[in-house]
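Undergrad: First the structure, then my questions, so here it is.
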Amino acid sequence: MPAAASRIPITRIQTGLRLEKRMVKVLKAVAEYYDMSMSALVEEIVLHAFEGPGAFAFGKPAVKRIREFRRLYGMDYGVHDSPRFAEKPAPARR
């Protein structure tokens, strides 16, 4: 791993994501197989879906829109950057 300066600070949030039951079982199995969390697996899937040939499953106009959204929301990292993610500590609760 390169120097800590190359780490990408990220903040993870809780979501109310609902998925089909069998799909979740497969996702859990894949995450377990690769010894990673479900969250990390979903992040990897999304990063791959937003870049490269996989992104074109959305169609060319959608790929352009995804790029605009990434720029708008400061998603300035790509599919190969996830190993550099450094989660910011959660703020202290009062």
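The values are calculated or read from the model by the stated rules, or taken from the named source; none is laboratory data. In this text, all values refer to a predicted model and were calculated from it rather than measured experimentally. Neighbour counts are summed over all protein chains in view; Cβ atoms, including those assigned to glycine, are modelled from backbone coordinates with ideal geometry.
Undergrad: Is it true that P53 is modelled with pLDDT under 90, loosely packed, with under 10 Cβ neighbours inside 10 Å and part of a helix (DSSP H, G or I)? Spell out the reasoning first.
TA: Working: modelled with pLDDT under 90: yes; loosely packed, with under 10 Cβ neighbours inside 10 Å: yes; part of a helix (DSSP H, G or I): yes.
Yes, satisfied.
Undergrad: Would you pick out the residues in the stretch 13-68 that are within 17 Å of the chain's Cα centre (by Cα) and small (G, A, S)?
TA: Across the stretch 13-68, the qualifying residues are G16, A31, S37, S39, A40, A49, G52, G54, A55.
Undergrad: Being of a type in the set (D, E) and under 23 Å from S6 (Cβ atoms) is the filter; apply it to the stretch 58-86 and report the residue that is surrounded by the fewest Cβ atoms within 10 Å (Cβ to Cβ).
TA: The residue in question is D76.
Undergrad: Restricting to the stretch 56-83, and then to whatever is closer than 18 Å to I13 by Cβ and part of a helix (DSSP H, G or I), can you tell me which residue is modelled with the lowest pLDDT?
TA: S82
Undergrad: Filter the stretch 1-18 down to the residues that are hydrophobic (A, V, I, L, M, F, W, C) and exposed (fewer than 10 other Cβ atoms within 10 Å of the Cβ), then identify the one that is modelled with the lowest pLDDT.
TA: M1
Undergrad: Can you tell which of A86, A92, A29 is among the small types (G, A, S) and either part of a helix (DSSP H, G or I) or farther than 19 Å from I13 by Cα (or both)?
TA: A29
Undergrad: Under 6 Å between Cβ atoms, which residue pairs at least 6 apart in sequence (or on different chains) link something in the stretch 70-82 that is closer than 14 Å to G52 by Cα with a partner that is assigned to a loop (DSSP other than H, G, I, E, B) and not basic (K, R)?
TA: Note: pairs meeting the criteria are G78/E51; V79/E51.
Undergrad: Follow-up. Is it true that A40 is part of a helix (DSSP H, G or I) and surrounded by 12 or more Cβ atoms within 10 Å (Cβ to Cβ)?
TA: yes
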